[in-house]
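Heads up: the structure comes next, in structure tokens.
Bear in mind these aren't lab numbers, they're just calculated from the coordinates by the rules spelled out. The structure presented is a predicted model; accordingly, all values stated were derived computationally and were not measured. Every residue, glycine among them, receives a Cβ derived from its backbone with ideal geometry; neighbour counts consider all protein chains shown.
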């Protein structure tokens, strides 16, 4: 049985703390972090931005690269 995804659920303070730790552990690899947390990359980027860990230009980085 597949584990339930966390899409469209509110972030808890524990999840935000884990996000911060994973971001540091994976040296900023957002793809790995999103896989580990079972959250979308955009959601990960937005939370990192609001925590002050990435700049605003990095929030839409993947979208800009695809254009």
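Extending 7 Å from Cα along the Cβ direction at residue 49 and again at residue 12 yields two label points whose distance is 2.6 nm. Counted by neighbouring Cβ atoms within 10 Å, the residues 9, 35 run from fewest to most as 9, 35. By other beta-carbon atoms within 10 Å, ranking 43, 55, 13 with the fewest at the front produces 13, 55, 43.
Report the Stokes-Einstein translational diffusion coefficient (µm² s⁻¹, integer) for the range 13-66, Rh taken as the Kirkwood radius over Cα pairs, at 10 °C with viscosity 1.306 mPa s.
144 µm²/s
By the beta-carbon count within 10 Å of each Cβ, the least crowded to most crowded order of 53, 37, fewest first, is 53, 37.
Sequence gap at least 6, Cα distance under 8 Å: using those rules, report the relative contact order of the range 13-66 to the nearest whole percent. Reported relative contact order: 24 percent.
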